[in-house]
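> I have a structure I would like to understand better, so I am pasting it below and will then ask my questions one at a time.
The values are calculated or read from the model by the stated rules, or taken from the named source; none is laboratory data. Predicted model, so just to flag it, every value in this text is computed and none were measured. Backbone-built Cβ (ideal geometry, glycine too); neighbour counts: all protein chains shown.
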Amino acid sequence: MTVLVTGAAGAIGAAIVARLLEDGHGVIAHDLRTPAADRAPGSVMPISGDLADGGGLGAQLEEVGQELDAIIAAHGVDGSGALCDLDDAFVRRVLRINAASVPALLTAVRPHLRRPAVFVVVGSQAGLVGEPNNAAYCASKFGVHGWALAASDEDVAVRVLAPGCTESPLLYDAQARFAAARGVSVEHFVDERRARIPLRRFATARQTAAAAVYLAGLDGPRPALLAATGGEVLR
(Lines give C-alpha, C1' and ligand atoms only; values in the text may rest on other atoms or scores of the structure.)
Protein backbone atom coordinates (compact mmCIF):
# COMPACT_ATOMS: atom_id res chain seq x y z
CA MET A 1 0.00 0.00 0.00
CA THR A 2 1.25 3.50 -0.85
CA VAL A 3 0.04 6.28 1.46
CA LEU A 4 0.30 10.07 1.24
CA VAL A 5 0.63 11.63 4.71
CA THR A 6 0.20 15.39 5.09
CA GLY A 7 1.51 17.21 8.15
CA ALA A 8 4.33 14.66 8.12
CA ALA A 9 6.77 16.95 9.94
CA GLY A 10 4.47 17.31 12.96
CA ALA A 11 4.41 15.02 15.98
CA ILE A 12 1.36 12.99 14.93
CA GLY A 13 2.22 13.05 11.22
CA ALA A 14 5.77 11.80 11.86
CA ALA A 15 4.40 9.03 14.09
CA ILE A 16 1.97 8.02 11.32
CA VAL A 17 4.84 7.84 8.83
CA ALA A 18 6.87 5.70 11.24
CA ARG A 19 3.95 3.33 11.86
CA LEU A 20 3.26 2.92 8.13
CA LEU A 21 6.92 2.07 7.57
CA GLU A 22 6.86 -0.47 10.37
CA ASP A 23 3.89 -2.12 8.66
CA GLY A 24 5.78 -2.29 5.36
CA HIS A 25 3.95 0.41 3.41
CA GLY A 26 5.37 2.99 1.05
CA VAL A 27 4.95 6.61 2.16
CA ILE A 28 4.88 9.98 0.45
CA ALA A 29 5.46 12.43 3.31
CA HIS A 30 4.18 15.96 2.72
CA ASP A 31 4.53 19.09 4.80
CA LEU A 32 4.90 22.83 4.38
CA ARG A 33 8.55 22.24 5.22
CA THR A 34 10.32 19.11 3.99
CA PRO A 35 9.81 16.24 6.44
CA ALA A 36 12.96 14.66 7.84
CA ALA A 37 12.53 11.31 6.12
CA ASP A 38 16.05 10.25 7.06
CA ARG A 39 14.95 9.85 10.69
CA ALA A 40 13.10 6.64 9.84
CA PRO A 41 14.38 3.96 7.47
CA GLY A 42 12.10 2.67 4.78
CA SER A 43 10.34 3.69 1.62
CA VAL A 44 9.67 7.39 2.23
CA MET A 45 9.48 10.07 -0.43
CA PRO A 46 9.44 13.55 1.14
CA ILE A 47 7.70 16.40 -0.69
CA SER A 48 6.89 19.91 0.49
CA GLY A 49 4.63 22.80 -0.38
CA ASP A 50 1.54 24.76 0.58
CA LEU A 51 -1.66 22.69 0.39
CA ALA A 52 -3.48 25.86 -0.60
CA ASP A 53 -1.83 25.27 -3.98
CA GLY A 54 -3.68 22.10 -4.97
CA GLY A 55 -2.31 22.30 -8.47
CA GLY A 56 1.23 22.29 -7.10
CA LEU A 57 0.59 19.08 -5.18
CA GLY A 58 -1.01 17.48 -8.22
CA ALA A 59 2.07 18.31 -10.30
CA GLN A 60 4.36 16.82 -7.65
CA LEU A 61 2.38 13.59 -7.57
CA GLU A 62 2.44 13.47 -11.37
CA GLU A 63 6.22 13.80 -11.25
CA VAL A 64 6.50 11.10 -8.57
CA GLY A 65 4.46 8.82 -10.81
CA GLN A 66 3.05 6.65 -8.03
CA GLU A 67 -0.57 5.74 -7.53
CA LEU A 68 -1.95 6.11 -4.00
CA ASP A 69 -4.02 3.65 -2.03
CA ALA A 70 -4.70 5.96 0.91
CA ILE A 71 -4.26 9.51 2.15
CA ILE A 72 -3.97 10.49 5.81
CA ALA A 73 -4.56 14.22 6.22
CA ALA A 74 -2.74 14.97 9.47
CA HIS A 75 -1.89 18.63 8.88
CA GLY A 76 -3.32 21.41 11.01
CA VAL A 77 -2.63 24.42 13.22
CA ASP A 78 -3.60 25.49 16.72
CA GLY A 79 -6.67 27.72 16.91
CA SER A 80 -6.92 28.31 20.64
CA GLY A 81 -7.64 31.68 22.22
CA ALA A 82 -10.39 33.54 24.02
CA LEU A 83 -13.20 34.47 21.62
CA CYS A 84 -12.85 38.17 22.39
CA ASP A 85 -9.17 38.03 21.37
CA LEU A 86 -9.60 36.38 17.97
CA ASP A 87 -9.19 38.59 14.94
CA ASP A 88 -10.59 37.87 11.47
CA ALA A 89 -7.23 37.04 9.92
CA PHE A 90 -6.47 34.44 12.60
CA VAL A 91 -9.87 32.77 12.28
CA ARG A 92 -9.66 32.70 8.46
CA ARG A 93 -6.20 31.10 8.64
CA VAL A 94 -7.35 28.39 11.05
CA LEU A 95 -10.42 27.60 8.94
CA ARG A 96 -8.40 27.58 5.71
CA ILE A 97 -5.70 25.21 6.98
CA ASN A 98 -7.74 22.91 9.21
CA ALA A 99 -10.92 22.73 7.15
CA ALA A 100 -10.95 24.21 3.64
CA SER A 101 -7.63 22.65 2.61
CA VAL A 102 -8.94 19.10 3.18
CA PRO A 103 -11.60 18.94 0.41
CA ALA A 104 -9.06 20.66 -1.86
CA LEU A 105 -6.55 17.94 -0.98
CA LEU A 106 -8.96 15.20 -2.02
CA THR A 107 -9.63 16.98 -5.31
CA ALA A 108 -5.88 17.25 -5.98
CA VAL A 109 -5.14 13.58 -5.30
CA ARG A 110 -8.15 11.97 -7.02
CA PRO A 111 -6.39 11.52 -10.38
CA HIS A 112 -3.61 9.60 -8.57
CA LEU A 113 -5.77 7.16 -6.60
CA ARG A 114 -6.20 3.47 -7.14
CA ARG A 115 -9.80 2.33 -6.70
CA PRO A 116 -11.03 1.76 -4.09
CA ALA A 117 -9.05 4.18 -1.92
CA VAL A 118 -9.27 5.55 1.61
CA PHE A 119 -9.01 9.17 2.75
CA VAL A 120 -8.51 9.62 6.50
CA VAL A 121 -8.99 13.02 8.13
CA VAL A 122 -7.21 13.48 11.46
CA GLY A 123 -9.76 15.67 13.22
CA SER A 124 -10.16 16.17 16.95
CA GLN A 125 -12.49 15.64 19.86
CA ALA A 126 -12.82 19.44 19.56
CA GLY A 127 -14.89 18.63 16.48
CA LEU A 128 -17.31 16.61 18.63
CA VAL A 129 -17.90 19.00 21.54
CA GLY A 130 -17.29 22.71 21.98
CA GLU A 131 -14.39 23.73 24.20
CA PRO A 132 -13.95 27.00 26.11
CA ASN A 133 -11.37 29.39 24.63
CA ASN A 134 -11.06 27.22 21.53
CA ALA A 135 -13.76 28.57 19.22
CA ALA A 136 -11.73 28.88 16.01
CA TYR A 137 -10.22 25.41 16.35
CA CYS A 138 -13.57 23.83 17.22
CA ALA A 139 -15.22 25.53 14.24
CA SER A 140 -12.54 24.21 11.89
CA LYS A 141 -12.79 20.65 13.21
CA PHE A 142 -16.61 20.57 13.31
CA GLY A 143 -16.54 21.80 9.71
CA VAL A 144 -14.07 19.22 8.41
CA HIS A 145 -15.83 16.40 10.30
CA GLY A 146 -19.12 17.34 8.69
CA TRP A 147 -17.60 17.44 5.23
CA ALA A 148 -15.84 14.10 5.70
CA LEU A 149 -18.92 12.28 6.92
CA ALA A 150 -20.76 13.35 3.76
CA ALA A 151 -17.93 12.91 1.26
CA SER A 152 -17.55 9.15 0.79
CA ASP A 153 -18.43 7.67 -2.58
CA GLU A 154 -17.98 4.34 -4.34
CA ASP A 155 -14.35 5.14 -5.18
CA VAL A 156 -13.08 6.77 -1.98
CA ALA A 157 -14.05 5.93 1.60
CA VAL A 158 -13.62 9.05 3.73
CA ARG A 159 -13.10 8.39 7.44
CA VAL A 160 -12.52 10.62 10.46
CA LEU A 161 -10.22 10.10 13.41
CA ALA A 162 -11.24 12.30 16.35
CA PRO A 163 -8.38 11.90 18.85
CA GLY A 164 -8.35 13.34 22.33
CA CYS A 165 -5.37 15.12 23.84
CA THR A 166 -2.23 13.76 22.20
CA GLU A 167 1.23 14.64 23.46
CA SER A 168 2.74 17.12 21.00
CA PRO A 169 4.12 20.67 20.92
CA LEU A 170 0.81 21.85 19.44
CA LEU A 171 -1.12 20.38 22.38
CA TYR A 172 1.07 21.94 25.04
CA ASP A 173 1.07 25.33 23.29
CA ALA A 174 -2.73 25.22 23.36
CA GLN A 175 -2.80 24.18 27.02
CA ALA A 176 -0.60 27.18 27.86
CA ARG A 177 -3.11 29.50 26.17
CA PHE A 178 -6.05 27.83 27.93
CA ALA A 179 -4.27 28.24 31.27
CA ALA A 180 -3.57 31.92 30.59
CA ALA A 181 -7.23 32.52 29.73
CA ARG A 182 -8.22 30.88 33.03
CA GLY A 183 -5.55 32.72 35.02
CA VAL A 184 -3.96 29.52 36.35
CA SER A 185 -0.56 27.91 35.90
CA VAL A 186 0.03 25.59 32.97
CA GLU A 187 0.86 22.77 35.39
CA HIS A 188 -2.43 23.22 37.25
CA PHE A 189 -4.44 23.34 34.03
CA VAL A 190 -2.77 20.25 32.56
CA ASP A 191 -3.30 18.30 35.80
CA GLU A 192 -7.00 19.26 35.74
CA ARG A 193 -7.27 18.25 32.09
CA ARG A 194 -5.71 14.84 32.68
CA ALA A 195 -8.04 14.26 35.64
CA ARG A 196 -11.07 14.65 33.34
CA ILE A 197 -9.87 11.79 31.13
CA PRO A 198 -10.97 8.36 32.43
CA LEU A 199 -7.55 6.94 31.49
CA ARG A 200 -5.92 9.82 33.44
CA ARG A 201 -3.33 10.50 30.76
CA PHE A 202 -2.85 11.98 27.32
CA ALA A 203 -2.36 9.72 24.33
CA THR A 204 1.10 9.34 22.87
CA ALA A 205 1.63 10.35 19.25
CA ARG A 206 2.34 6.70 18.50
CA GLN A 207 -1.07 5.64 19.85
CA THR A 208 -2.93 8.23 17.80
CA ALA A 209 -0.88 7.25 14.76
CA ALA A 210 -1.90 3.60 15.21
CA ALA A 211 -5.57 4.64 15.15
CA ALA A 212 -5.04 6.67 11.95
CA VAL A 213 -3.27 3.78 10.21
CA TYR A 214 -6.06 1.41 11.29
CA LEU A 215 -8.65 3.67 9.64
CA ALA A 216 -6.56 3.76 6.45
CA GLY A 217 -6.82 -0.02 6.08
CA LEU A 218 -8.29 -1.55 2.96
CA ASP A 219 -8.62 -5.07 4.40
CA GLY A 220 -12.10 -4.83 5.87
CA PRO A 221 -14.81 -2.48 7.15
CA ARG A 222 -13.85 0.46 9.35
CA PRO A 223 -15.97 3.05 11.21
CA ALA A 224 -16.72 6.31 9.45
CA LEU A 225 -15.69 8.12 12.65
CA LEU A 226 -13.42 6.83 15.42
CA ALA A 227 -13.36 8.86 18.65
CA ALA A 228 -10.07 7.84 20.26
CA THR A 229 -10.39 10.14 23.27
CA GLY A 230 -9.51 7.97 26.25
CA GLY A 231 -13.16 8.19 27.27
CA GLU A 232 -13.18 11.99 27.73
CA VAL A 233 -15.61 12.45 24.82
CA LEU A 234 -17.85 9.64 23.66
CA ARG A 235 -19.45 9.30 20.22
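> Can you tell me how many residues in segment 4-13 are buried (at least 24 other Cβ atoms within 10 Å of the Cβ) and not in a loop (DSSP other than H, G, I, E, B)?
5
> Within segment 67-92, which residues are among the acidic types (Asp, Glu) and closer than 18 Å to Thr2 by Cα? So that I can check it myself, show each step before the final result.
Step one: list which residues in segment 67-92 are among the acidic types (Asp, Glu), which gives 67, 69, 78, 85, 87-88.
Glu67, Asp69 - these are the residues of segment 67-92 that are among the acidic types (Asp, Glu) and closer than 18 Å to Thr2 by Cα.
> Quick one: would you say Val184 is among the β-branched types (Val, Ile, Thr) and without any contact (Cβ under 8 Å) to a residue 12 or more places away in the chain?
Numbers: among the β-branched types (Val, Ile, Thr): yes; without any contact (Cβ under 8 Å) to a residue 12 or more places away in the chain: yes.
For Val184, the condition - among the β-branched types (Val, Ile, Thr) and without any contact (Cβ under 8 Å) to a residue 12 or more places away in the chain - is met.
> Going through segment 39-54 one residue at a time, which ones are more than 15 Å from the chain's Cα centre (by Cα), under 26 Å from Ala100 (Cα atoms), modelled with pLDDT of 75 or more and in a loop (DSSP other than H, G, I, E, B)?
Selection gives Gly49, Asp50, Ala52.
> Same structure again: From (1) part of a loop (DSSP other than H, G, I, E, B); (2) closer than 26 Å to Leu83 by Cβ; (3) at pLDDT below 95, pick out the condition that doesn't hold for Glu154.
(2)
> Taking the condition surrounded by 18 or more Cβ atoms within 10 Å (Cβ to Cβ) and not small (Gly, Ala, Ser), does Leu83 pass?
Values: surrounded by 18 or more Cβ atoms within 10 Å (Cβ to Cβ): no; not small (Gly, Ala, Ser): yes.
Against the criterion (surrounded by 18 or more Cβ atoms within 10 Å (Cβ to Cβ) and not small (Gly, Ala, Ser)), Leu83 does not qualify.
> Restricting attention to segment 107-135, and to residues there that are part of a helix (DSSP H, G or I) and out of contact with any helix residue (DSSP H, G or I) (no Cβ under 8 Å at 6 or more places or on another chain), which single residue is surrounded by the most Cβ atoms within 10 Å (Cβ to Cβ)?
So in segment 107-135, the residues part of a helix (DSSP H, G or I) come out as 107-112, 125-127, 135.
Checking the rest, the ones that are also out of contact with any helix residue (DSSP H, G or I) (no Cβ under 8 Å at 6 or more places or on another chain) come to 110, 125.
Working: Arg110: 15, Gln125: 22.
Ranking the qualifying residues of segment 107-135, first place goes to Gln125.
> So, one more: So the check is Cβ under 7 Å with 6+ separation or different chains; which pairs have a first residue in segment 14-38 that's loosely packed, with under 15 Cβ neighbours inside 10 Å and assigned to a loop (DSSP other than H, G, I, E, B) and a second one that's modelled with pLDDT of 95 or more and β-branched (Val, Ile, Thr)?
From residues that are loosely packed, with under 15 Cβ neighbours inside 10 Å and assigned to a loop (DSSP other than H, G, I, E, B), the pairs are Asp23/Val213.
> Scan Val120, Val94 and give me the residue that is touching a residue at least 60 places away in the same chain (Cβ under 8 Å) and among the β-branched types (Val, Ile, Thr).
Values: Val94 fails: touching a residue at least 60 places away in the same chain (Cβ under 8 Å).
Going through Val120, Val94 in turn, just one is touching a residue at least 60 places away in the same chain (Cβ under 8 Å) and among the β-branched types (Val, Ile, Thr): Val120.
> For segment 139-150, which positions are touching a helix residue (DSSP H, G or I) at 6+ places or on another chain (Cβ under 6 Å) and without any contact (Cβ under 8 Å) to a residue 40 or more places away in the chain?
Answer for segment 139-150, where residues must be touching a helix residue (DSSP H, G or I) at 6+ places or on another chain (Cβ under 6 Å) and without any contact (Cβ under 8 Å) to a residue 40 or more places away in the chain: just Phe142.
> Considering only segment 81-90, how many residues are assigned to a helix (DSSP H, G or I) and under 22 Å from Tyr172 (Cβ atoms)?
Taking segment 81-90 first, the residues assigned to a helix (DSSP H, G or I) are 83-85, 88-90.
Checking the rest, the ones that are also under 22 Å from Tyr172 (Cβ atoms) come to 83, 85, 90.
Within segment 81-90, residues that are assigned to a helix (DSSP H, G or I) and under 22 Å from Tyr172 (Cβ atoms) number 3.
> Name every residue in segment 62-79 that is closer than 11 Å to Leu105 by Cβ and either out of contact with any strand residue (DSSP E or B) (no Cβ under 6 Å at 6 or more places or on another chain) or part of a strand (DSSP E or B) (or both), in order of residue number.
Correct list: Ile71, Ile72, Ala73.
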